[in-house]
Structures are given as structure tokens and as C-alpha cells.
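Trainee: Let me give you the structure first, and then I'll get to my questions.
The values are calculated or read from the model by the stated rules, or taken from the named source; none is laboratory data. What you see is a predicted model; the values in this text were computed from it and never measured. A quick note on method: Cβ atoms are made from the backbone with ideal geometry, for glycine too, and the neighbour counts reach across all protein chains shown.
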Amino acid sequence: MTDREETFAKVQQLIEPFNKKGAPLTEATTFAGDLEWDSLIVMDFVASVEDEFDILITMNMQAEIETVGQLVDAVEQLRNDG
Amino acid sequence: MTEAARTPMDPADETAVAPSHGRDLFSKFDALIAEREALLDTGVRDPFGLVMERVLSPTRAVVKGKETILLGTYNYMGMTFDPDVVAAGKQALDEFGAGTTGSRVLNGTYQGHREVEEALKEFYGTAHAMVFSTGYQANLGLMSTIAGKEDYIILDADSHASIYDGCALGNAQIVRFRHNSVEDLERRLKRLPAEGGRLVVLEGVYSMLGDIAPLKEMVEVAKRHGAMVVVDEAHGMGFFGEHGRGVFEQAGVADQVDFVVGTFSKSVGTVGGFVVSNHPKFEVLRLVCRPYVFTASLPPSVVATAATSIRKLMHAGDKRAHLWENSRRLHQGLRDLGFTLATAEAESAIIAVLLPDQQTTVMMWQALLEAGVYVNMARPPATPAGMYLLRCSLCAEHSSEEVGRILEMFEVAGRATGVLS
């Protein structure tokens, strides 16, 4: 697997405990629309992603992230910057 | 828009309510409107539409013609009807008029605004005090002004809306940590880039659950990582610490906190907000802080009542002791009855009763009101973790006998609604 594929797989794993609807997870899956997450779930999930990858995803960045693919891209970028 | 004969606001013309073309901007609220209608259709009273027809004292009001014990105000120290406070307000109204009609930085600073800032400096033992028109604006102003685009604000996930809104108004990078977790705060501080300023935002008492922050540990961690620290003491002022300054005083970290934010609308008993600080450049905020500059200052009567109240709170040891006694007794009593509470012990003057869902919460709220006690109902998104709760806040003016009656009413309401078996 490439680094990005590994990150995607890890993000998928982190989504699962919050994926109460059992929605299928693809690059295009949206957090608000497809997963129907509210702000409280987003907070818990973002904290788990931050701790898994040892990064910070500021609320400013979170506002720009709508899909799983965008989150994976952001994680990749943050890891490379760090 | 040319049919001037019919205005869209004409209440007689019901057909004019919805626009005939284009998307109604209110459609985004449809789900909330439907949820609310469904709830009210079950026959319960609207918990967010209560009117106090008369207010008899800090602890009593008339609601729908019935004298009701108030257990859902922020009037912790019962200062709203203090004779000295009321007299100061009346005198200021006579001598300075009803309002200032101006910004603090132009024509809106009267002698009374100076005096209330002097009273705050004495109360907190700080070099500077800046009074805003509300507590909300104090947070809005501080967060949005002192942290710029390159800076980081690190805040507790359960922070008050005014803190979040202050962050949204400004340009700083916003990082959240898990509520009251010292480890989570430290992990995030460690991940911050070396460049950029850091502001850690904490609250002494979190108002939904009434839990307090581990400020000793949190402030230590924040300082070790080079951050400035602001503590919001909205719900702690008046009865925590030797001088009643707040949880930060009780935690022994007063010398390490850079800013304390507070409000006049709780223990002080009127309305207004403030920031106190010892920072040598603090006064510049009066020129650059938009929520301070671009709004009218508080009316003279309000600052006069606030100054008098703050000075009295400096010597309110007996009231503090009684407030704590009331809080501990209510907490213990509710626990003994079998209610589930948000904290294991009474940590503040807020006691939050956890309930399973909205319907049960509203029924319990209404049963209490009909028995003769008013409490706050709180629901998501104001509450953390999707909780429904009835929030009780005590007052130093509640008598021991009143607390006993409140417990009786909780028992009756709990059994009537099935919350207690």
C-alpha cells in the first residue's frame, strides 16, 4: 500500500465507531450529509484522528473538509509538514 | 418590490408571509420548527417561552399567576434586590439619565464607568479593568482581538458560545482539547509549531454541568508551553476563593493567569461584562477591540448598581457560606432521592439533573413548575454529549426551608413523571 492508502485505511478504521448508520466509506463520503454527524461527533472524531497521527487539525481547517478524501489529503499534508 | 400597497410585514395579509419565488431563507430551520411543534402538540408548556409576570425577590417570582421559587437564575449571591444596590441605581438614573447613547471611547464613559472599573481592580487586585456591555461581548472582544492569524487559541471543547463566537470573529488558528483533560491539552500544546502566539482559554465553572476545571494543573501546563492564559469566571465570581474572585483564586494560580473574564449578570446581579489583567499594554485594547468600541456603553444606573454590588461582594463571607451549604444540601438531597446528577459532588452552585430524553425532561420541567419551582431546561447543542438536563442554580438567599421544599417538589414531580420509580 502507498502511504495515502494506509492513511485512508486508518481513517476508515477511526470512522467506524462513529458510523452508526453503517454508511459505505469512499473518498466522496461526506461527514455531514452521508454520515449525518453533528458537531459533537465531529469533535470526538477529530480528536481521535489528531491523536492517531500526532497532528493538529485546527477548526479553521475542519471548516474546509467535507469528504473522507479531503480529510485523508489533509492528514497526509500535515504529516509531511510535521 | 414595487407593489408598495402591500408590505410583506402586514400582519393582516397572511398570503404575504412566504416569498413567491426563490428559496425561503428560513427553510433551513424547518426541522427545528417541526420538532418544536411536535413537542408542544403533546400538550406541554414551552420551556423556552416562560414569562415572569412579577419578580418578588431574588428567589421568588410570579409565573402564570402562581408564586414560584426560582431555582434557575444566575443570581448566585442574591444581589438583584439588595437595598444599597437598588438605591445606587436609582440615584444614577436621577443624576445621569437613562442611557449614555454612545461608545465607551467617545461620549459613553461617565464617572460611573470609571468607578465600576475601579471597583473591579480592587476586587481582583489587578492593575487594569475594562468593562464591556455584556459578558458575551467581553469574550467576543478578547478572543477576536488579541490572537491574530499567526496565533493559536487552544480551548476546551465545552467552552461557552461566546468563546467560540469570539474565535469565529477573529482570525486565529483554533485548536480544541477534550473537556477538562489536562493530558489532552498538553498533547495539543506539544504539537503546536514553535512560531505564533498561544492563548489557552479555560473556564472556572462550566455552566451546563456545573463542573469545575482542574485549573492548577491546566494553568501549569499552559505556562510550561509558553501560552498566555485566560480564565472565564462567569459562574465562579463571588463565592470561590478567599476573596470570591473565582475558581482560579481557589486553585492558587492567580499570579499565572493573564486575563480573567467575567460578567455582571450573575453574582453581581445586573448586566455587563469585563476583562481584568495586569498586562502592561492592556489599555490599548480600548482602541482596537471592536465589540468594545462599536457598541453603546452600559447605562449609568447599571454601572452604579454593579459597582455597589461588587464592593459588597468583597465582604460577603456569610452569604458565600450559605450558598455553599445550599448547593451541597440540594446535591445530596437529589442524590438521596435517586436522581442522576452530572457531578459526583456539588462542585459549584449549579446542580444539573440528567434525564433520558427531551420528552421526559420537558414533562419533569413542567411538573416542577406546576408544583412551584422554576429550573432551567437545557438540551443539545447547548449541552455537551447530547445531554438533556434540568439545571438548578442556587442562590445565597434561598432559605434552608426553601431548599427543603424544593426537594419535596422534586420528589413529587419525579414520581409523577416516572423519573423516580
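Trainee: Can you spot a residue in region B:77-89 that is surrounded by fewer than 15 Cβ atoms within 10 Å (Cβ to Cβ) and in a loop (DSSP other than H, G, I, E, B)?
Mentor: No, region B:77-89 has no match at all.
Trainee: Also: Among the residues of region B:187-214, which ones are farther than 14 Å from B:D158 by Cα and either touching a Gly at 6+ places or on another chain (Cβ under 7 Å) or aromatic (F, W, Y) (or both)?
Mentor: The answer is B:R198, and nothing else.
Trainee: What is the residue count in region B:208-219 for residues that are modelled with pLDDT of 95 or more and either within 12 Å of another protein chain (Cβ to nearest Cβ) or under 24 Å from B:G141 (Cβ atoms) (or both)?
Mentor: So the count comes out to 4.
Trainee: Does B:I153 satisfy the criteria of being away from chain A (no Cβ under 11 Å), modelled with pLDDT of 95 or more and buried (at least 22 other Cβ atoms within 10 Å of the Cβ)?
Mentor: no
Trainee: Have a look at B:L354, B:L337, B:L394 and point out the one that is within 21 Å of B:S265 (Cβ to Cβ) and either touching a Leu at 6+ places or on another chain (Cβ under 8 Å) or in the same structural domain as B:S267 (by TED's automatic domain parsing) (or both).
Mentor: Exactly one residue qualifies, and that residue is B:L394.
Trainee: More than 11 Å from every other protein chain (Cβ to nearest Cβ), within 30 Å of B:V302 (Cα to Cα) and buried (at least 23 other Cβ atoms within 10 Å of the Cβ), is that true of B:L185?
Mentor: So B:L185 fails the test.
This table checks each residue for (1) farther than 26 Å from B:R379 by Cα; (2) under 11 Å from the mean Cα position of the chain (by Cα).
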| residue | (1), (2) |
| --- | --- |
| A:R4 | yes, no |
| A:K10 | yes, yes |
| A:K21 | no, no |
| A:A28 | yes, no |
| A:F45 | no, yes |
| A:D81 | yes, no |
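Trainee: Could I ask something else about it? Has region B:337-348 got at least one residue that is part of a helix (DSSP H, G or I), more than 14 Å from every other protein chain (Cβ to nearest Cβ) and surrounded by fewer than 18 Cβ atoms within 10 Å (Cβ to Cβ)?
Mentor: Among the residues of region B:337-348, at least one is part of a helix (DSSP H, G or I), more than 14 Å from every other protein chain (Cβ to nearest Cβ) and surrounded by fewer than 18 Cβ atoms within 10 Å (Cβ to Cβ), which makes the answer yes.
Trainee: Does region A:5-28 contain any residue that is among the acidic types (D, E), more than 10 Å from chain B (Cβ to nearest Cβ), exposed (fewer than 12 other Cβ atoms within 10 Å of the Cβ) and closer than 24 Å to B:A385 by Cβ?
Mentor: yes
Trainee: Let me ask something else. Report the residue count in region B:159-182 for those that are within 10 Å of another protein chain (Cβ to nearest Cβ) and either more than 18 Å from the chain's Cα centre (by Cα) or hydroxyl-bearing (S, T, Y) (or both).
Mentor: 11
Trainee: Sticking with this one: Just the residues that are within 21 Å of B:I163 (Cα to Cα) and outside any strand (DSSP E or B), please, taken from region B:187-206.
Mentor: B:R188, B:L189, B:L192, B:G196, B:G197, B:G204
Trainee: Then there's this: Regarding B:T361, is this residue touching a Lys or Arg at 6+ places or on another chain (Cβ under 8 Å) and either more than 14 Å from chain A (Cβ to nearest Cβ) or not β-branched (V, I, T) (or both)?
Mentor: Yes: the conditions hold for B:T361.
Trainee: Mind checking which residues of region B:90-134 are surrounded by 21 or more Cβ atoms within 10 Å (Cβ to Cβ) and not hydroxyl-bearing (S, T, Y)?
Mentor: B:A92, B:R104, B:G112, B:H113, B:V116, B:A119, B:L120, B:F123, B:A129, B:M130, B:V131, B:F132
Trainee: Also, quick follow-up: In this structure, is B:A222 modelled with pLDDT of 95 or more, away from chain A (no Cβ under 13 Å) and assigned to a loop (DSSP other than H, G, I, E, B)?
Mentor: no
Trainee: Output the residues belonging to region A:39-63 that are closer than 26 Å to B:M387 by Cα, within 7 Å of chain B (Cβ to nearest Cβ) and not in a helix (DSSP H, G or I).
Mentor: Across region A:39-63, the qualifying residue is only A:T58.
Trainee: Restricting to region B:44-74, name every residue that is of a type in the set (V, I, T) and surrounded by 13 or more Cβ atoms within 10 Å (Cβ to Cβ).
Mentor: Those that are of a type in the set (V, I, T) and surrounded by 13 or more Cβ atoms within 10 Å (Cβ to Cβ): B:V44, B:V55, B:T59, B:V62, B:V63, B:T68, B:I69, B:T73.
Trainee: Any idea which of (1) surrounded by fewer than 21 Cβ atoms within 10 Å (Cβ to Cβ); (2) in contact with a Gly (Cβ under 8 Å, 6 or more places away or on another chain) is the one B:D357 doesn't satisfy?
Mentor: Every condition holds for B:D357 apart from (2).
Every residue, every condition in (1) of a type outside the set (A, V, I, L, M, F, W, C); (2) surrounded by fewer than 22 Cβ atoms within 10 Å (Cβ to Cβ); (3) not assigned by TED's automatic domain parsing to the domain that holds B:F282, yes or no:
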position: B:D165; (1), (2), (3): yes, yes, no
position: B:N171; (1), (2), (3): yes, yes, no
position: B:F177; (1), (2), (3): no, no, no
position: B:G197; (1), (2), (3): yes, yes, no
position: B:E203; (1), (2), (3): yes, no, no
position: B:K223; (1), (2), (3): yes, yes, no
position: B:V231; (1), (2), (3): no, no, no
position: B:F240; (1), (2), (3): no, no, no
position: B:D255; (1), (2), (3): yes, yes, no
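Trainee: Being at pLDDT 95 or above, of a type in the set (V, I, T) and in a helix (DSSP H, G or I) narrows it down to one residue among B:V362, B:V353, B:V284; which is it?
Mentor: One residue alone meets the criteria, B:V284.
Trainee: Return yes when B:E242 is in a loop (DSSP other than H, G, I, E, B) and among the acidic types (D, E) and no when it is not.
Mentor: Yes: the conditions hold for B:E242.
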